[in-house]
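Remarks on the structure that follows.
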Amino acid sequence: MKRERWTGKMGFILASVGSAIGLGNIWLFSWRMGAYGGAAFLIPYLLFVFCIASVGLMEEWAFGRSQRKGAIGAFKNVFESKKAGTGALGAALGFIPVLAVFAVYIFYAIVIGWLLKYFVLSVTGAFSTMNIPEYFGTFTGTGETIGWHAAAVLGTMVIVLFGVRKGIEKANKIMMPVLFSILVILLIRSVTLPGAGDGLAYMFVPDWAKLAETETWVMALGQAFFTLSLGGATMLVYGSYARDDTDIPSASMQTVLFNFIASLLAAFAIIPAVFAFDLDPAAGPGLLFVTIPNVFDQMPGGHIFGILFFLSVVFAGFSSSVSMLEPAVEGFMDKLGMSRTWAVIVLSLVAFVIGLPLDTSMARFGLWADIATVYVLPFGALVSAVVFFWIFGADNARAEINKNAVKRFGKWFEPYAKYVFVSVALLVMILNIAFGGIG
Ligand code: TRP
């Protein structure tokens with residue numbers, strides 16, 4: 001069977017941008033930027049995302065492209081080529097990132113389910129008649145979410161069933177432009193609300209004192225890794241479908257930039273509106289499922305803006321969830337010789353069934369989400385970096401990243417990747433555990 005490919009650089013970048021832009025941009029970035037110093041937060045954020053996490057992005061892409069395999073096959077090849085007989089060990093190691101991202105998918109699909117429900121609530125205009133804060137508590141953690149969860153798994157399944165080009169790429173080519181357009185519309189609405197000024201000040205005015213606090217830097221670093229979908233599986237498998245003439249350094253700068261713009265748009269679509277209605281910007285689910293419905297309930301034209309908002313977040317969710325399912329699908333196809341159709345169906349069922357107990361208990365949901373993102377995912381990111389830069393070798397890695405690039409990395413990149421990037425990836429893992437989650 002011939003390996004699938006993106007149609008070109010644009011399709012590859014859009015799919016990667018789609019993976020990068022997700023709930024992390026919407027329910028974490030906007031709040032964090034405000035809480036950790038406003039414009040001042042952009043200093044550590046941009047530093048980490050452009051100078052550190054982008055190395056991880058290029059590493060995963062180039063790793064996948066050089067081996068034309070997902071993590072399991074790629075690790076296996078590299079191990080085997082260094083020392084005959086160690087391939088199985090490599091494959092076993094490569095299994096970790098795939099599993100990690102699949103574990104993230106399992107709970108992410110549940111959140112997309114909630115979003116689908118809220119999208120429907122916004123369409124029917126239900127926010128105006130319901131007790132919004134109470135509703136979220138009585139809906140999540142109950143059997144009522146199961147049907148929505150199923151819809152999210154089904155939606156992801158259908159996209160991935162159609163494959164790399166006709167499924168993932170096509171879906172992103174539709175969803176990304178719509179997402180950006182909606183965010184721009186929402187931003188204009190948000191910043192022109194009476195009272196939006198306080199929110200703008202909260203976001204813009206730099207609070208330099210925050211830069212003296214360790215936590216600001218830690219959160220910016222966690223954000224950088226999570227937002228670029230680093231974990232050793234997603235970007236790696238996306239890279240394995242990239243053409244040899246794809247300029248990886250340039251693609252990575254574009255992906256990082258688009259992802260940053262999306263984060264900023266989301267932040268300015270959300271925070272000024274929250275301030276305009278005297279609400280508190282919250283972090284995480286509370287922002288998306290309580291504060292924001294409240295905002296749209298009070299805003300002139302809130303019905304239509306609410307529909308647009310939840311549609312855009314649903315798109316952000318699906319463009320990420322497909323990238324979490326694909327690594328396992330590739331693994332099943334490559335290792336077990338399964339057809340894409342069967343791999344997708346089996347894995348979707350598995351993800352759904354494992355997710356069921358998380359549907360009905362927020363405690364279990366929280367525990368699962370923590371284990372997946374705090375412990376397993378950062379480990380996957382670290383392992384892939386070590387295998388690529390240390391075992392495959394920093395010189396080979398640099399050559400793969402530079403292949404057909406206009407601007408190439410010099411020799412300095414090798415120690416930088418091997419020592420600086422890998423140490424930071426290790427630090428991300430440690431900080432995740434120490435802080436109970438930073439991504
Ligand atoms: N980057 C996405 C976000 O910000 C999440 C995401 C998608 C992800 N695919 C991933 C995170 C793979 C880690 C690994 O929401």
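Here K411 is the anchor, and the lysines within straight C-alpha reach of less than 29 Å, apart from those fewer than 8 places off in the same chain, are K9, K69, K76, K82, K83, K403. For H149, H303, the ranking by accessible surface with the largest value first comes to H303, H149, using a 1.4 Å probe. When exposed loop sites are taken as trypsin sites (Lys or Arg not before Pro) in a DSSP loop with at most 10 other Cβ atoms within 10 Å, the longest stretch of the chain clear of them is 3-406. Altogether, the Stokes-Einstein calculation at 4 °C and 1.567 mPa s, with the Kirkwood radius of the chain over Cα pairs as Rh, returns a diffusion coefficient of 60 µm²/s. Rounded to the nearest 10 square angstrom, D245 shows an accessible area of 90 square angstrom against a 1.4 Å probe.
Heavy-atom accessible surface of segment 83-161, averaged per residue, reaches 37 Å², computed with a 1.4 Å probe.
The angle between the Cα long axis of helix 422-435 and the main principal axis of the chain comes to about 40°, on a 0 to 90 degree scale. Surface composition of the chain: carbon plus sulfur atoms contribute 69% of the solvent-accessible area (1.4 Å probe, protein chains only, all chains present). Sequentially through segment 299-316, phi angles give Karplus couplings (6.51, -1.76, 1.60; θ = phi - 60°) of 7, x, x, x, 4, 5, 5, x, 4, 4, 4, 5, 5, 5, 6, 4, 5, 4 Hz, Gly and Pro residues having no value and appearing as x. Rounded to the nearest 10 degrees, the angle from helix 9-20 to the longest Cα principal axis of the chain is 60 degrees.
Computed with every protein chain present, the accessible area of M130 is close to 40 Å² [probe 1.4 Å].
Think of the chain as a dipole: +1 on every Lys or Arg Cβ, -1 on every Asp or Glu Cβ, centred on the Cα centre; then among F119, A385, N432, A385 lies furthest on the positive end.
Any idea what % of Cα-Cα pairs in segment 258-344 are farther than 23 Å? Every Cα pair in segment 258-344 considered, those over 23 Å come to 41 percent.
Round to a whole angstrom and tell me the spacing of the C-alpha centers of segment 9-64 and segment 403-439. Between the Cα centres of segment 9-64 and segment 403-439 lies a distance of 14 Å. Stretch S128-L426 to full length: gain in nm at 0.36 nm per residue minus the Cα-Cα span? Between S128 and L426, full extension yields an extra 102.5 nm. Charged neighbours of S16, selected by a Cβ distance under 11 Å, balance to -1 (K, R count +1; D, E count -1).
Taking all protein chains together and rolling a 1.4 Å probe, V376 ends up with roughly 40 Å² accessible.
The values are calculated or read from the model by the stated rules, or taken from the named source; none is laboratory data. All values derive from a computational prediction rather than experimental measurement. Positions of Cβ are generated from backbone atoms using ideal geometry, with glycine treated the same way; all protein chains shown enter the neighbour counts. Please note that ligands, DNA and RNA were not included when accessible areas were found on the heavy atoms of the full protein model with its side chains. Shrake-Rupley method; radii C 1.70, N 1.55, O 1.52, S 1.80 Å.
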